[in-house]
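Only one structure is covered here, and it is reproduced in the block below.
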Amino acid sequence: MTAKELIERIEDKLNAKVIVGTFHSIGKDILFKGKHPNQPSEFVDQEEKLLAFMKRILDECLKINNFTNLYEKYFREYEVRNIDEIRDFKSEREYANWVRQNDLLTLQNEKVKSHGELLIANFLFANNVNYKYEPDYLANNSMPIDFRYKPDFYLPDYKIYIEYFGIDEDGETAPFVPNDKYKEDMKWKFQTHKEGNTKLIDLYFYQKKDGALINKLREELISNKVSLSPIDKNKLYEQINSTGKDKKFLRLVIDFLSQYKEKQRVQSLDKFYSAAGEDERTLLFLRIFETILYRYQDELNKNRKIDFGDMISNSANLISQNNVILDYKYIIIDEFQDISDGRYNLVSEMLYQSQETKLFCVGDDWQAIYRFAGSDHKIMTNFESMFGLSTILKLDETFRYNNSIAHISE
């Protein structure tokens, strides 16, 4: 239901005049009342325009050497979160779901089966090493072809195979992988290469876990006279763009930007760095984001514009400083499970300014699906501690479907 339809229904049924809007439209009204000097940017409600604007910002940042090194490293090694395939998953289904959700696609847009393989493929591509993924094994002698065997990688220019084995330092596999059979297969592969007179570089999961996988791969390649020549930056960017990885990354930046801008009055970027601890992937992303943020904010300031996040944080500031006096008697929020920290701060400032203002919220914490966009269902589940003494009414009956469906879903 649109805001206009809601206003018409309330006027028709209750004969009451109300203000209906999104958090951003309410924030925009508050900024207008407070005579805020900056106007909303033209792309605040146009996603494609914002994406194009961020692409231009990114292209400018890619002219900075330090930034390009970080950007390339992100796509080579950190686009997908590092995981412990052996200890993070209890079942094959869990692991399969993770692979499906995270799209293990190499820089050449090939789908691989593990994070370790992804790192290996990206290193080879980034260093101009021609490779084939999971080719049929071919011996260097007259040994018959065994079509059951498809090694992980083959370097045709050097006739070298690479296998990435999923075992830890104790020789153990993931719980859902039969350990004895896996070791038998490993032994068979080593024997096949010996009989076929082929060169094999063997790499292991525990090397990835210890952060030594890429260095080990580099050492092995160099010792086998494989030429490593870093790919031309422009060619790398073209490849990233052609596979759509740049747009996926920029959407991640935009989501995080929105959260940061809403929270900036209570949480600086330094706090994000502190919260990241020693998580290298998060720290790398923050360093990339900081450069983009500086350029992005500079563009907004030059044109005296604000964005969605500014509408929330700046309007909360105006209220807290009593630069805008609101006279709302009631605040009613629907879909409250999707509220974010920044919007919570705005509502809190409204309530703090007038002790007579009452808050009424409706939501279902089981339907909280916007965590990626900054929503925090804990604001709802800890409602009383967040807002003070409250009356909570649980809606344990539904009128959306009949009892038959309800019983099945129990």
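The values are calculated or read from the model by the stated rules, or taken from the named source; none is laboratory data. Keep in mind that this is a model prediction, so the values were computed, not measured. Glycine also receives a Cβ, built like all others from the backbone with ideal geometry; neighbour counts cover every protein chain displayed. The accessibility values were calculated without ligands, DNA or RNA, using every heavy atom of the protein model including side chains. Shrake-Rupley method; radii C 1.70, N 1.55, O 1.52, S 1.80 Å.
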Requested in this report: At most 11 other Cβ atoms within 10 Å and a DSSP loop assignment: could you name the GluC sites (Glu not before Pro) in the range 155-226 that fit?
Outcome: Glu169
Requested in this report: Could you work out which residue, out of Asn179, Asn65, Asn141, moves most in a Gaussian network model of the chain, that is, has the largest mean-square fluctuation with Cα springs under 10 Å?
Outcome: Asn141
**Report entry** Long-range amide H partners of Ile201 with built H, under 5 Å
**Finding:** Tyr161, Ile162, Glu163
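Given a 1.4 Å probe and heavy atoms of the protein chains only, how would you sort Ser41, Ser320, largest accessible area at the top?
Details: Ser41 5, Ser320 55 Å².
My answer, sorted largest first, is Ser320, Ser41.
Taking the DSSP beta bridges in the chain as the whole, what percent of them are antiparallel, to the nearest 5?
Numbers: 7 of 19 bridges.
For the chain, the DSSP antiparallel bridge percentage is about 35.
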Query - Reachable lysines, given that their alpha-carbon falls under 18 Å from the alpha-carbon of Lys216 and they are not under 8 places away in the same chain - result: Lys73, Lys199, Lys208, Lys225
Query raised in the report: Using 1/(1 + (r/R0)^6) with R0 = 22 angstrom and r between the beta carbons of Ile10 and Asp365, what's the FRET efficiency to the nearest 0.05?
Result: 0.25
Query raised in the report: For the range 212-366, what relative contact order do you get, as a whole percent, if you take Cα pairs closer than 8 Å and at least 6 residues apart?
Result: 20
Query raised in the report: How much accessible surface area, in Å² rounded to 10, belongs to the heavy atoms of Ser242 with a 1.4 Å probe?
Result: 90
Query raised in the report: Under the Kirkwood approximation applied to all pairs of distinct alpha-carbon atoms, what is the hydrodynamic radius of the chain in Å?
Result: 25.7
Query raised in the report: Among all stretches of the chain without exposed chymotrypsin sites (Phe, Trp or Tyr not before Pro) (DSSP loop, at most 11 other Cβ atoms within 10 Å), which one is longest?
Result: 148-398
Requested in this report: Please identify every one of the trypsin sites (Lys or Arg not before Pro) in the range 215-283 that sits in a loop by DSSP and has no more than 11 other beta carbons within 10 Å of its own beta carbon.
Outcome: Lys225
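Considering Cα pairs under 8 angstrom that are at least six residues apart, work out the relative contact order of the chain and quote it in whole percent. Intermediate values should be presented prior to the final figure.
Numbers: 439 pairs, mean separation 70.0, N = 410.
About 17 percent, as a whole number.
On a 1.4 Å probe surface of the protein chains, which of Met386, Met380 comes out largest in accessible area, and what is the full order? Numbers along the way, then the final one.
Details: Met386 65, Met380 40 Å².
I get Met386, Met380, largest accessible area first.
In square angstrom, what is the accessible area per residue of the chain with a 1.4 angstrom probe?
60
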Requested in this report: With a 1.4 Å probe and every protein chain kept in, tell me what percent of the accessible surface of the range 316-355 is carbon plus sulfur.
Outcome: 45
Report summary line: GNM of the chain, Cα pairs under 10 angstrom: of Thr381, Thr282, Thr173, the biggest fluctuation goes to Thr381
**Report entry** Residue-count net charge about Ile214 - beta-carbon cut-off 12 Å; Lys, Arg +1, Asp, Glu -1
**Finding:** +1
Query raised in the report: Which of the lysines could a cross-linker bridge to Lys33, judged by Cα under 29 Å and excluding same-chain residues fewer than eight apart?
Result: Lys4, Lys17, Lys49, Lys261, Lys263, Lys302, Lys305, Lys329, Lys358
